[in-house]
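These notes concern the structure reproduced below.
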Amino acid sequence: RQLSAVRDEQPKFQARGVRTLGVNPASVPDHEKYVEKFRFNFPLLADTARAAARAYQALKPDGKGILRTVYLISRDGAVLFAKRGSPGAGEVLAALPREG
């Protein structure tokens, strides 16, 4: 449901110049099937070794499960927003600096 909501809110992200990426430990072939089935309009990246999950502190204590987390990262690598769960586009985009 979270990824479908992100798919549906893409115009809001795109209007603010935000590029959306999904990351999870499934394989590339599994992601391809998932993207096709749900018609995602953003890339899903395969983190089979869980390196990204580890780096962004999104691993459960068992070292295998993933804590659903949303990050907004600036072009220079600064974390502008980080929250567990499924925050909506409005909440995420509120962390962007105001234009102008």
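The values are calculated or read from the model by the stated rules, or taken from the named source; none is laboratory data. Quick caveat: nothing in here was measured; it's all calculated off a predicted structure. A quick note on method: Cβ atoms are made from the backbone with ideal geometry, for glycine too, and the neighbour counts reach across all protein chains shown. Keep in mind that these areas ignore ligands, DNA and RNA; they rest on the heavy atoms of the full protein, side chains included. Shrake-Rupley method; radii C 1.70, N 1.55, O 1.52, S 1.80 Å.
Using the basic label-point model (7 angstrom from Cα toward the beta carbon), what is the residue 37 to residue 84 distance in nanometres?
It works out to 2.7 nm between the two label points.
May I ask you to list the aspartates and glutamates whose Cα is less than 15 Å away from that of residue 37, ignoring any residue fewer than eight positions away on the same chain?
List returned: 8.
Just tell me which aspartates and glutamates come within less than 15 Å, Cα to Cα, of residue 60; anything on the same chain fewer than 8 places away is out.
47
Tell me, what is the per residue accessible area of the stretch 8-67 in Å², probe radius 1.4 Å?
On the way: 4190 Å² over 60 residues.
Each residue of the stretch 8-67 exposes 70 Å² on average to a 1.4 Å probe.
Tell me the label-point distance for the pair residue 76, residue 56, using the 7 Å Cα-to-Cβ offset, in nm and rounded to one decimal.
About 2.1 nm, to one decimal.
Which length gain, in nm to one decimal place, applies between residue 30 and residue 67 when the Cα-Cα distance is subtracted from 0.36 nm times their residue separation? Numbers along the way, then the final one.
Working: separation 37, 0.36 × 37 = 13.32 nm, distance 1.94 nm.
Residue separation times 0.36 nm, minus the Cα-Cα distance, leaves 11.4 nm.
So, with a 1.4 angstrom probe, what is the percent of accessible area on the chain that is carbon and sulfur? All intermediate terms of the calculation are to be shown ahead of the outcome.
Numbers: 3630 of 6950 Å².
Of all accessible area on the chain, carbon and sulfur atoms account for 52 percent.
Counting pairs of alpha carbon atoms under 8 Å apart in space and at least six apart in sequence, what relative contact order in percent does the chain give? Each step should come with its number before you reach the end.
Values: 110 pairs, mean separation 22.4, N = 100.
For the chain, the relative contact order is 22 percent.
More than 18 angstrom separation, counting every C-alpha pair in the stretch 1-92; what % is that?
Numbers: 1974 of 4186 pairs.
Counting pairs separated by more than 18 Å, the tail of P(r) holds 47 percent.
Return the aspartates and glutamates within reach of residue 83: Cα separation strictly under 19 angstrom, same-chain partners fewer than 8 residues apart disregarded; answer none if there are no such residues.
9, 91
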